[in-house]
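Quick notes on the structure that follows.
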Amino acid sequence: MTKVISAAKAAELIQDGDTVAASGFGLACWAEEMGIAIEERFLQTGHPKNLTVMHASAVGNRRDKGMSHLGHEGLTKRWIGGIAIASPGMAKLIEEDKCEAYNLPQGVITQLYREIAAKRPGVITKVGIDTFVDPRVEGGKMSPSTKEDIVKVIELEGEEWLLYKSFPIQVALIRGTVADEKGNLTLEKEGLHMEVLPIAQAVRNSGGIVIAQVETVAKQGTLNPKDVKVPGILVDYIVVSKPENHFQTENTYYNPAFSGHVKVPIENLETIPLDERKIISRRTAVELVPNTILNLGVGIPVNVATIAAEEGVSDQLILTTEAGSIGGVPASLKDFGHAFNSEAIVDHDAQFDFYDGGGIDLSVLGLAQTDEFGNVNVSKFGTRVAGCGGFINISQAAKKLVFAGTFTAGGLEVKVENGKLHIVQEGKAKKFIKKVQQITFSGSYAAKVKQPVVYVTERAVFELQDGKVTLIEIAPGVDLQTHILDQMDFEPVISPNLKEMDRAMFEENWGKLKSIIAEKNKVLLEVGNH
């Protein structure tokens, strides 16, 4: 019997009250045909209803593809996800309290599929302790109607851990490139592997159904077994997609450089103009050491790779993305998670195993709300639900952490000239506030485990010292009182060794990063010899 059916027929197999797990990162590995079919069936018949919907990453948008298809009152009863902001329909449902909502760390969700597949009690980890997902804080609950505790504090061998509890999943929505007639699934044109295999295993061992979207179907026995990512014994149904519903990334239909089929020249990367973003990226790059294994977040942090290229030190970095790429150069926002010329692409859950164990030497993440104790919020602002994504995993486990962003937000204008920074217009919103709305990164936990943390802005650099945000550097041309202290809702500790940021960073051509890293390498060698 053929496993190939239409998306409409596949949608009819989903029962009211089912738990549905979906792969996806942007639009990578997301089964858009199924999203459309489920939405159409619900709007026409009112079924399926009261679903629990689960996904680890941001899934959307390219104008409301992705999880927004399931963002209807009555269709989704409970959301368990890493990021909501990429799916406006789902985010609106949460913000209006029309569904229960749990925002859990991206890495934890990817690992939870494995625990469900193996019928273990759940993910036991320190990831999330003292953040909003800790049940003693908020338990990851993002809407008032969300009551049940699905995260628990436990003690093992005298240490405190969080248990993210397992539960059965009835439906898997996954995606690949080709499936043969028996359902064996390849991912050769996907730029990421994501968690398609553990989702399929979890659902199969829960007694559910696995639906795989593909571009084409091959005759059985014709696929190289080494190319098969999900074996046919795990796949129940195959849905063949239209090309417009099978984008490789949120922005790109298909780029062979993302899937490793070609290597593209990257020497001519576009340079960054001399503005606040470049100053922040340059100062952040000072934190690099030789052969740094690096993770860069969305936005300004990605520019660190460009600065490294401009300064001729790209060979000193090993860039990674939480989605699974290792080596190469991470792509920009609309293709985020992918990389040009990757050396390897590993499974999503495996990448987070490496991250959680301290595999990253340095992570550079975005700077949003920050308070006097070094807590950072990137997950919720007012009623707007963004989601933590991989932020908690990455920020908590990196050997060293830099938060990089502008000092204020909303209309900030600066001018950089003659080795100085001039504030032309201040941003409307302060980022350094008395108390963050939600703790996505815990300064107290970082202080407890002695994690080095630096906060880099265009006008000031802070460190987390003894659990307090401490000012250590100030930009040339900036007034301490007017431009820094008056723009904060708390008074930071001011280092007795407060110094001026290197004026060379505020010139058109910097040219110092190679010597900075070489000097660090010299120190490391001297320490090693002793």
* Residue by residue through the range 171-207, note down the ones that are among the aliphatic types (A, V, I, L, M), in a loop (DSSP other than H, G, I, E, B) and farther than 23 Å from residue 18 by Cα. => 187, 192
* To do: Take the residues in the range 175-194 that are more than 20 Å from the chain's Cα centre (by Cα) and open to solvent by 10 Å² or more (accessible area, probe 1.4 Å), then tell me which one is nearest to residue 230 (Cα to Cα).
  => 184
* Asked: Any chance the range 372-391 includes a residue that's of a type in the set (S, T, N, Q) and open to solvent by less than 10 Å² (accessible area, probe 1.4 Å)?
  -> yes
* **residue 437 vs. criteria open to solvent by 30 Å² or more (accessible area, probe 1.4 Å), closer than 27 Å to residue 135 by Cα and either of a type in the set (S, T, N, Q) or modelled with pLDDT of 95 or more (or both)** => yes
* Asked: Looking at the range 127-142, is at least one residue of a type in the set (A, V, I, L, M) and within 16 Å of residue 52 (Cα to Cα)?
  -> yes
* Give the residues of the range 309-344 that are touching an Asp or Glu at 6+ places or on another chain (Cβ under 9 Å) and over 20 Å from residue 61 (Cα atoms), sorted by residue number. => 309, 318, 324, 325, 326, 327, 328
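Just checking, which of 350, 397 is within 26 Å of residue 27 (Cβ to Cβ) and open to solvent by 10 Å² or more (accessible area, probe 1.4 Å)? Quick ask: steps written out before the conclusion?
Working: 397 fails: within 26 Å of residue 27 (Cβ to Cβ).
Going through 350, 397 in turn, the sole match is 350.
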* Structure fact -> Within the range 391-426, residues touching a Ser or Thr at 6+ places or on another chain (Cβ under 8 Å) and part of a loop (DSSP other than H, G, I, E, B) come out as 398, 405, 406, 407, 412, 426
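Results for (1) closer than 18 Å to residue 101 by Cα; (2) surrounded by 22 or more Cβ atoms within 10 Å (Cβ to Cβ); (3) in contact (Cβ under 8 Å) with a residue 60 or more places away in the chain, shown as yes or no for each residue.
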| position | (1), (2), (3) |
| --- | --- |
| 18 | yes, no, yes |
| 21 | yes, yes, yes |
| 31 | no, yes, yes |
| 41 | no, no, no |
| 49 | yes, no, no |
| 55 | yes, yes, no |
| 63 | no, no, no |
| 67 | yes, yes, no |
* Just to be sure, is residue 172 at pLDDT 95 or above, under 30 Å from residue 262 (Cβ atoms) and buried (at least 24 other Cβ atoms within 10 Å of the Cβ)? -> no
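The values are calculated or read from the model by the stated rules, or taken from the named source; none is laboratory data. Because the structure is a prediction, the values reported are computed rather than measured. Methodologically, a virtual Cβ is constructed for each residue, glycine included, from the backbone with ideal geometry; neighbour enumeration extends over all protein chains shown. We work out accessible area using only protein heavy atoms, side chains counted, and drop any ligands, DNA or RNA first. Shrake-Rupley method; radii C 1.70, N 1.55, O 1.52, S 1.80 Å.
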